[in-house]
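The values are calculated or read from the model by the stated rules, or taken from the named source; none is laboratory data. Just so we're clear, the structure is a prediction, and the values are computed from it rather than from any experiment. Here the Cβ positions follow ideal geometry from the backbone for every residue, glycine too, while neighbour counts run over all protein chains shown.
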Amino acid sequence: MDKRSEMHRRERRRYVIGYGGSLLLTLAVFLIAYTYGIETKGVYLAISLLGLAQLIVQLVYFLHIDRRRSSREDLDLVLFSTLVLLIIILGTVWIMGNLAVRMHTYPM
Amino acid sequence: MKRAPSHSYPGLNLGRRHESAHKATEVVTFGFWVFLMSDLVYFGLMFAIYITMIDAQAGGPGPHELFDLKSVFAQTMILLTSSLTVGLAMLALKYNLPRSRIVLWFGVTLVLGLSFLVLEIRDFMAMAEKGGIPQRSGFLSAFYGLVPLHGLHVSVGCLWLIVLGIQLRVFGLTDLLMSRVVRLALFWHFLDLIWIGIITIVYFGGLTYG
Amino acid sequence: MTSAESGFFGRLSWDAFPLAGLIQTPNANEIVANTAAGIVIVGVVAVVGLLTWFRLWGPLWRDWLTSADHKKIGIMYVVFAIVMLARGVLEGVVMRAQQAAGPGDGFLEAEHFAELFSTHGTIMIFFVAVPFVFGVANFLVPLMIGARDVAFPVMNQISLGLTVSAGMMLMVSLVVGKFSTGGWTAYPPYTGAAFNPGVGPDYWIWAIVVSGIGTTLTGINFAVTIYKLRAPGMTFMRLPMYCWTIICSSILIVFAMPPLGVAALMLAADRYLDFHFFTNDLGGNMMNYANLFWLFGHPEVYLLVLPAYGIYSEVFATFSAKRLYGYNSLVIATMSIAVMSFTVWLHHFFTMGQSALINAVFGIATMLIAIPTGVKVYDWMATMFRGRIRFSVPMLYGLSFLMLFVIGGLSGVILANPTVDYQVHNTLFLVAHFHNVLLPGVLFGLLAGYNYWFPKAFGFRLNEFWGRVTVVLWTVGFMLTFLPLYFVGLMGMPRRSFSWEDPSFHPYMIVAVLGALVILAALLSVIVQLWVSIRNRANTRVPVGDPWDARTLEWSTPAPPPPYNFAIIPQITDRDNFAAAKERGEAYPTPDAYEDIAMPRNTGIGFMLCVFSGVWMFALVWWIWWLAALMTVVMLVTFIAWTFKGDTEEIISAEEVRKRHEAWLDLVHTSTPVDRDDETTPENLGLARPDLEVVT
């Protein structure tokens, strides 16, 4: 019984850490947006990186994706999906962006 | 990193007496992961379309006139917190905590989910008042194709939560229901991940490039 | 119409029924349309009548419609696919006849011709190829990997239900209203509300969305089944080649169906809710549609052809009495094709106007994908090399495939060059190309598989003579119909044109229509073969289950297999486990003990969702909003109610399993093994005498 409550504590701590981390990252994003305004690409880069960091924090602490052997299959799945998603999204943005430029609908 | 117990999903460890249930749950949960990845592609494409249509405002209202970051911030906080509470609800079930705790975390998650939806709908209504309706421009179509799609997922999550709550009351905590709770938690966390994408790309991206 | 639009029946009125057209303007065009509608109605009446006459409603419901058995679901998929195939072929013949009737306008109206090529494409891809491929997969995969069923048997049933209800929408569109004229790709703005306010594109949209959901669920199901339910000892590198192709195909489904769903739903949003995704005005961009559609469309081609490659791999190995050559390279080739198929979609719209750099990148990627395919062709040829080849029906399909498919593949490499594509895109050259890969590639593969595994499914072999006739007819018919199209394509004849003027096209068109008639004969020959085989089944029974001296696990079970597939889950030690066991003389072991087996109980949920989703689609197409809303609620409630059902499995007792299995083992021990020379004689009861010299 003691082992169980120990495990419970550990698992709960995992959630709380994930929550705390995400909270900090979210606050940072909105704080940056608030202080520097959301006009420049530099600010946007910072915001996107923080967003990416939060994705990883939640994947690890909420969804329990890591390199442990037992969750390797999920990790493989997520990585493969990311690959396909990147091909699809970047390809789309590349193609449609190029078309927009050539049709002069996009301000160069 | 400390060596964690040998289970990969939140709450999957049903204990030693449930070996066969454990195997079945593993299969179902993996299947649900695959479904989520398919769903992820859905969202990914909507993001891609949104990116290509940020400029297609056709003289209509754009992100600067329409987006209300305060409300977005509130929604973000609510959804993030609900992601924590759904996890706690699952832990409460898994470790046989008193019924009151289970009800508490389920209830809090549901309330948070519903308030998220209320805020989101209020946003849409405010946007519509400023002329921000999907029929106005390609940009707005892309916005309304993506953000309400996420909202629809949250609604499904809420419905699922209610149905599961009833089922837990009727049948008690069976292995099957436990595995459904695991999947619901996964689904809920997944929606929070998508929401991070939405604030980063739709809201901040829209404000930067729109 | 406008007054009816808000009424009880939405925009449905008497004008929607084809007979109205025939009465108003009797001409060839209307006669063709009414004949088609008539065939559907007569078909339905005949089926209902026969079922009632032979009192088969009960068995149909108990043994088939509510069954969650993967084998039965697979068979139902294949039956559905063959029914749809008949319609698709007939439409093809009518189209070839129309073009052969030129120069000039032929006997059909442009609108009707457009409907024909739209339904032909939609049916052949979504309601023939996909259900046929996954019908065969449904039947085989659990048997091949040593499992008792798929990972999610009930979801499997639901997939079937959704696919069938979507297919039925295409049948309904023949009788009520008209189908889309926008081609199987349904490009806006032509299919948008501004140009095409009728019901046609709506039929297309909802059929695609619903069947897409069904297919996605199938993909998830098979990915998980192969990933998680393999028998103990069956590592990935011991997986039969066919299962490798199915897992790759399932992964393609999981990632490639969403773009189609997104595109179709966005088109629906444009049409129903006045959104501006693809419209001409207010910032809509139809090029987004082309991009989305082919993000799906290209992986789709491979998700169809990979399983056919898998079938050929099994067929070549078995009928050459050799181990598959280059297994590892075939696995790698299959996986590379699966991944690369996500990187070539732009070659379907080289001419849309993007820069030469982008075209070049995707052109090169397209050419690269030919390499793993080439590897496969060599592997199959090497499998046959120095094998003891029997020219059985599946093998004949395989040989026909090898020769014709290479032509189709090479014309694909030609098209992969953007500069060439600029010249021939939108001509019949393209039509010739994709029929050249889809017929010899996918359809011949599926027919080979049908002939190869039919004895496993039903316990008796198909007729050899009519099988050979069918192969010849398909091959000749294909060549006559589609090879001329390469030439007229190069001469500049555009695809999808109901009328043409240049007299030099005429001879080719005549040859093509003759070919189409041969294909029609081939289709009839398939039916004749089945009929003759059923009548002579007493002479072709193979109850022991291994009529071809085959190599993979499914042949180690009785034919037809029991509902639980394996009395005892086998322990896998080799790649071609059954062949290896036969070599060791341990193919039919007597188990020490039997145990109770839990199998999924029958359930009506798949059938109910089939009906409800059908009504739902019909209501949406005809703007009957109250019905659409009602059906949405009904489907939701049905599903939730189903989740309340706790007891979904039934137990088959160990005693029953023992009795059944021992009866079969007795049969195994009393049968005489047959030599490969006597394979097609009545002596072949399905117990093979292994060909020891060439077994490795």
Taking the stretch C:252-277 only, how many residues are surrounded by 21 or more Cβ atoms within 10 Å (Cβ to Cβ) and either more than 9 Å from chain B (Cβ to nearest Cβ) or touching a strand residue (DSSP E or B) at 6+ places or on another chain (Cβ under 8 Å) (or both)?
5
Which of (1) surrounded by fewer than 19 Cβ atoms within 10 Å (Cβ to Cβ); (2) part of a helix (DSSP H, G or I) does C:TYR77 not meet, given it meets every other one?
(1)
Top-ranked residue in the stretch C:351-375 [being polar (S, T, N, Q) and either touching a strand residue (DSSP E or B) at 6+ places or on another chain (Cβ under 8 Å) or in contact (Cβ under 8 Å) with a residue 12 or more places away in the chain (or both); ranked as surrounded by the most Cβ atoms within 10 Å (Cβ to Cβ)]
C:THR366
B:GLU26 versus (1) closer than 30 Å to C:ASP281 by Cα; (2) among the acidic types (Asp, Glu); (3) within 14 Å of chain C (Cβ to nearest Cβ): which is the lone unmet condition?
(1)
Please determine whether any residue of the stretch C:165-177 is part of a helix (DSSP H, G or I), within 27 Å of C:PHE458 (Cα to Cα) and in contact with a Cys (Cβ under 7 Å, 6 or more places away or on another chain).
yes
Out of A:LEU90, A:LEU55, A:LEU77, which single residue is more than 7 Å from every other protein chain (Cβ to nearest Cβ), part of a helix (DSSP H, G or I) and at pLDDT 85 or above?
A:LEU90
Among (1) charged (D, E, K, R); (2) surrounded by fewer than 16 Cβ atoms within 10 Å (Cβ to Cβ); (3) outside any helix (DSSP H, G or I), the one test that B:ARG136 misses
(2)
Identify, by number, the condition in (1) surrounded by fewer than 16 Cβ atoms within 10 Å (Cβ to Cβ); (2) more than 7 Å from chain B (Cβ to nearest Cβ); (3) in a helix (DSSP H, G or I) that A:ARG67 doesn't meet.
(3)
With criteria (1) more than 30 Å from B:ILE166 (Cα to Cα); (2) touching a strand residue (DSSP E or B) at 6+ places or on another chain (Cβ under 7 Å); (3) within 14 Å of chain B (Cβ to nearest Cβ), C:ILE652 comes up short on (3)
Would you confirm whether any residue within the stretch B:111-127 is of a type in the set (Phe, Trp, Tyr) and either under 19 Å from B:ILE198 (Cα atoms) or touching a residue at least 60 places away in the same chain (Cβ under 8 Å) (or both)?
yes
Is at least one residue of the stretch C:229-250 touching a helix residue (DSSP H, G or I) at 6+ places or on another chain (Cβ under 8 Å), within 13 Å of chain B (Cβ to nearest Cβ), among the basic types (Lys, Arg) and part of a helix (DSSP H, G or I)?
no
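In the stretch C:45-58, is there at least one residue being in a helix (DSSP H, G or I), in contact with an Asp or Glu (Cβ under 8 Å, 6 or more places away or on another chain) and under 25 Å from C:GLY88 (Cα atoms)?
No; the residues of the stretch C:45-58 include none that is in a helix (DSSP H, G or I), in contact with an Asp or Glu (Cβ under 8 Å, 6 or more places away or on another chain) and under 25 Å from C:GLY88 (Cα atoms).
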For the stretch B:130-153, pairs from a residue that is without any contact (Cβ under 8 Å) to a residue 40 or more places away in the chain and under 14 Å from C:PHE277 (Cβ atoms) to a residue that is among the hydroxyl-bearing types (Ser, Thr, Tyr) and part of a helix (DSSP H, G or I), with Cβ under 7 Å and 6 or more apart or across chains, are B:PRO134/B:SER141; B:PRO134/B:TYR144
Within the stretch A:37-48, identify whether any single residue is in a helix (DSSP H, G or I), more than 30 Å from C:MET287 (Cβ to Cβ), in the same structural domain as A:TYR19 (by TED's automatic domain parsing) and among the hydrophobic types (A, V, I, L, M, F, W, C), and answer yes or no.
yes
Would you mind telling me which numbered condition in (1) in a loop (DSSP other than H, G, I, E, B); (2) surrounded by fewer than 22 Cβ atoms within 10 Å (Cβ to Cβ) C:ILE213 fails?
(1)
List the number of the failed condition for B:HIS64; all other conditions in (1) surrounded by fewer than 19 Cβ atoms within 10 Å (Cβ to Cβ); (2) at pLDDT 85 or above; (3) within 8 Å of another protein chain (Cβ to nearest Cβ) hold.
(3)
Can you confirm whether B:ARG122 is of a type in the set (D, E, K, R), away from chain C (no Cβ under 13 Å) and either in a helix (DSSP H, G or I) or closer than 26 Å to A:LEU50 by Cβ (or both)?
yes
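Listed here are the residues, each with its yes/no results for (1) aliphatic (A, V, I, L, M); (2) buried (at least 20 other Cβ atoms within 10 Å of the Cβ); (3) over 21 Å from C:VAL136 (Cβ atoms).
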residue: C:ASP421; (1), (2), (3): no, yes, yes
residue: C:VAL469; (1), (2), (3): yes, no, yes
residue: C:THR481; (1), (2), (3): no, yes, yes
residue: C:LEU485; (1), (2), (3): yes, yes, yes
residue: C:SER497; (1), (2), (3): no, no, yes
